[in-house]
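Single-structure report; data block below.
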Amino acid sequence: QVQVMESGGGLVQAGGSLTLTCAVSGATYKTYTMGWFRLAPGKEREFVAAIRWGDGRTVEADSVKGRSTFSKDGAKNMRYLKMNSLKPDDTAVYYCALDYSTQWYSTDPKEYHVWGQGTQVTVSS
């Protein structure tokens, strides 16, 4: 069974950075899309970024445009999202999710099939 686990959240001052990790275990196809979403208090789940597992193509939401850096562990099924220039509005629980559909990516969380437990990111003023 495919499982997803996020880590790397924490408390950071505005303007700082955090690196979020998404680890995928179990049998997977390299063609899936890995998406990052966040859930802030009183808000709906919001699309943050996505990466296509096979070729590394990435996209980021306007809310984090220019503030995201993607990387990976070449030996393991892990991908990293570094959030730069963090703002208090970035405070949320961040989730990693997998989409097995044939489309490149979706901003709709209902299109994703496997979710991690979330990792809390808190940005202080």
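The values are calculated or read from the model by the stated rules, or taken from the named source; none is laboratory data. Everything numeric here is computed off the predicted structure, so don't read it as measured data. Virtual Cβ from ideal backbone geometry, glycine too; neighbours counted across all protein chains shown. Only protein heavy atoms, including side chains, enter the accessible area calculation; ligands, DNA and RNA are left aside. Shrake-Rupley method; radii C 1.70, N 1.55, O 1.52, S 1.80 Å.
Computed from the Cβ-Cβ distance with R0 of 25 Å, the FRET efficiency linking T19 to E111 stands at 0.45. Label zone of S85 (point 7 Å out along Cα→Cβ, amide N under 18 Å): in segment 31-67 this covers 48-49, 59-67. Taking all protein chains together and rolling a 1.4 Å probe, T107 ends up with roughly 80 Å² accessible. Shown here: the chain, whose C-alpha atoms stretch 41, 30, 25 Å along the first, second and third principal axes, sorted largest to smallest. Probing with 1.4 Å while keeping every protein chain in the model, the per residue accessible area of the chain equals 53 Å².
Amide H contacts of K87: G15, each under 5 Å away and 5 or more positions distant or on a separate chain (H built 1.01 Å from N in the peptide plane; Pro and chain starts excluded). Within segment 1-97, the trypsin sites (Lys or Arg not before Pro) that combine a DSSP coil assignment with at most 16 other C-beta atoms in a 10 angstrom radius are K30, K43, R57, K65, R67, K76.
Kindly give the semi-axes, whole Å and largest first, of the ellipsoid equivalent to segment 58-111, taking each as the square root of 5 times a Cα gyration tensor eigenvalue. Write down the numbers at each step before the final one.
Details: eigenvalues 82, 56, 24 Å².
Semi-axes, largest first: 20, 17, 11 Å.
Run down the lysines and flag those whose C-alpha is under 21 Å from the C-alpha of K43, throwing out any fewer than 8 positions away in its chain. The reachable lysines, counting only those whose Cα sits under 21 Å from K43, are K65, K87, K110. Of the accessible area of the chain, with the probe set at 1.4 angstrom, what percent is carbon plus sulfur? Whole-percent figure for carbon plus sulfur exposure: 48.
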